[in-house]
1. Sort out which residues of region 280-300 are within 30 Å of Tyr259 (Cα to Cα), out of contact with any His (no Cβ under 8 Å at 6 or more places or on another chain) and of a type outside the set (Gly, Ala, Ser), and write them in order of number.
2. Tell me which of these Val105 doesn't satisfy, since it passes every other one: (1) touching a Lys or Arg at 6+ places or on another chain (Cβ under 6 Å); (2) at positive phi.
3. Any residue that is in contact with a Gly (Cβ under 9 Å, 6 or more places away or on another chain), buried (at least 21 other Cβ atoms within 10 Å of the Cβ) and hydrophobic (A, V, I, L, M, F, W, C) - is there at least one of those in region 41-48?
4. Would you check which residues across region 64-114 are in contact with a Gly (Cβ under 7 Å, 6 or more places away or on another chain) and under 20 Å from Ala16 (Cα atoms) and list them?
5. Within region 249-258, is there a residue that is more than 21 Å from Thr108 (Cα to Cα), in contact with a Phe, Trp or Tyr (Cβ under 8 Å, 6 or more places away or on another chain) and surrounded by 13 or more Cβ atoms within 10 Å (Cβ to Cβ)?
6. Select from region 298-318 the residues that are touching a residue at least 12 places away in the same chain (Cβ under 8 Å) and assigned to a loop (DSSP other than H, G, I, E, B) and list them in ascending order.
7. Being aliphatic (A, V, I, L, M), part of a loop (DSSP other than H, G, I, E, B) and over 24 Å from Arg170 (Cβ atoms) is the filter here, so list the residues in region 234-286 that pass it.
8. Quick check: is even one residue across region 70-80 part of a helix (DSSP H, G or I), of a type outside the set (S, T, N, Q), farther than 22 Å from Lys318 by Cα and in the same structural domain as Ile222 (by TED's automatic domain parsing)?
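The values are calculated or read from the model by the stated rules, or taken from the named source; none is laboratory data. Here the structure is a predicted model, which means the values were calculated and not measured. Reconstructed Cβ throughout: ideal geometry from the backbone, glycine too, with neighbour counts over all protein chains shown.
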Amino acid sequence: MSAAPPTTAVQAVCLAGPTAAGKSAVAMALAELLPIEIISVDSAQVYRGLDIGTAKPSAADRVAVPHHLIDILDPSESYSAARFAADARRLVGEIRGRGRLPLLVGGTMLYFKALREGLDAMPAADAEVRAALDAEAAAQGWPALHAKLARVDPITAARLAPADAQRIQRALEVYRVSGRPLSAWHRDGAVSNADRDGGIPAEAWPLLSLEPESRPWLHARIAERFDAMRAAGLLDEVRALRARPNLHAELPALRCVGYRQAWNALEAGDESRWRDAGIAATRQLAKRQLTWLRSIQDRSVVACDRPDGLARALMTLKPWF
């Protein structure tokens, strides 16, 4: 896809890609060439104490290059795409005011959507409906609720894994509260980005997507990185989180890939299969990330598994600043 600079004045540059695609390496290489500050676009890195499994930048990297939206919340708290968009826009203004260049880096695609396109107007959360769905899931299992979702909203169900409890619950909640499927809200309920923020179009947030041409290459990277996390003490990190009385498995922070599988293994007292479960879940996450990225028509793409992938990424990014 074309990597021509956008015609609209750029607010900030976005660097996206599936997990293990090499986004951090590209960002740090760019920091050697330009005075950038990095805004994390990661729904797990916002939480303190979730360090190993979220692949947070090292202390040395954070000293060398300012990073934002990392370690801003306790795992007992929740964060939203709307809050991210507000935080990111504020940070972009502050960074540019210092004469530096903002680079948004991460793989939480809903956050990129909230920033670049705005969010659809949808029903607010309903505690009673959520409690009912939790009870159904406890009795029947989330795959059964995924099957129910497929009957009322096949479009949304097709993009969700049968065990994706958080998103299945939200999709069914929206349907039961409004009588309309979530996919219809996405299709018909969107408000234009111009209506939201004074006319700044998505083009003001150019996006480079790192997308491997080889799926086995990405799968090997995922397995290698997961094994490195295991060796670094991911299971001990989750043990420490489980020891906190105010934390439980249904919190958004602890539904993150890797953490959920480790928590379940410790809960069951069986650590023998959590590596395979964690790698499989990470592969599914990467698949969803790539599906979402491929729906963004104005993105520029670099094949991150090519030998010249890093050089091509830098060549694409630099003209946007």
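1. Here is the first cut: in region 280-300, the ones within 30 Å of Tyr259 (Cα to Cα) are 280-296.
Narrowing further to those that are out of contact with any His (no Cβ under 8 Å at 6 or more places or on another chain): 280-282, 284-296.
Thr282, Gln284, Leu285, Lys287, Arg288, Gln289, Leu290, Thr291, Trp292, Leu293, Arg294, Ile296 - these are the residues of region 280-300 that are within 30 Å of Tyr259 (Cα to Cα), out of contact with any His (no Cβ under 8 Å at 6 or more places or on another chain) and of a type outside the set (Gly, Ala, Ser).
2. So the condition that Val105 fails would be (2).
3. Just the residues of region 41-48 that are in contact with a Gly (Cβ under 9 Å, 6 or more places away or on another chain), to begin with: 41-45.
Among the residues that remain, those that are also buried (at least 21 other Cβ atoms within 10 Å of the Cβ) are: 41-45.
Those still in the list that are hydrophobic (A, V, I, L, M, F, W, C) too: 41, 44.
Checking region 41-48: at least one residue is in contact with a Gly (Cβ under 9 Å, 6 or more places away or on another chain), buried (at least 21 other Cβ atoms within 10 Å of the Cβ) and hydrophobic (A, V, I, L, M, F, W, C).
4. As a first pass, look at region 64-114 and keep what is in contact with a Gly (Cβ under 7 Å, 6 or more places away or on another chain): 75, 107.
Gly107, the sole residue that qualifies.
5. The initial filter retains those residues of region 249-258 that are more than 21 Å from Thr108 (Cα to Cα), namely none.
So far as region 249-258 goes, no, none of its residues is more than 21 Å from Thr108 (Cα to Cα), in contact with a Phe, Trp or Tyr (Cβ under 8 Å, 6 or more places away or on another chain) and surrounded by 13 or more Cβ atoms within 10 Å (Cβ to Cβ).
6. Asp298, Arg299, Ala303, Cys304, Asp305, Arg306, listed by residue number.
7. Taking region 234-286 as the starting set, the residues that turn out to be aliphatic (A, V, I, L, M) are 234-235, 238, 240-241, 243, 247, 249, 251, 253-254, 257, 262, 265-266, 268, 277, 279-281, 285-286.
Narrowing the set further to residues that are part of a loop (DSSP other than H, G, I, E, B) leaves 243, 247, 249, 251, 257.
Within region 234-286, just Ala243 meets the criteria.
8. Step one: list which residues in region 70-80 are part of a helix (DSSP H, G or I), which gives none.
Within region 70-80 (the criterion being part of a helix (DSSP H, G or I), of a type outside the set (S, T, N, Q), farther than 22 Å from Lys318 by Cα and in the same structural domain as Ile222 (by TED's automatic domain parsing)), the answer is no, since none of the residues qualifies.
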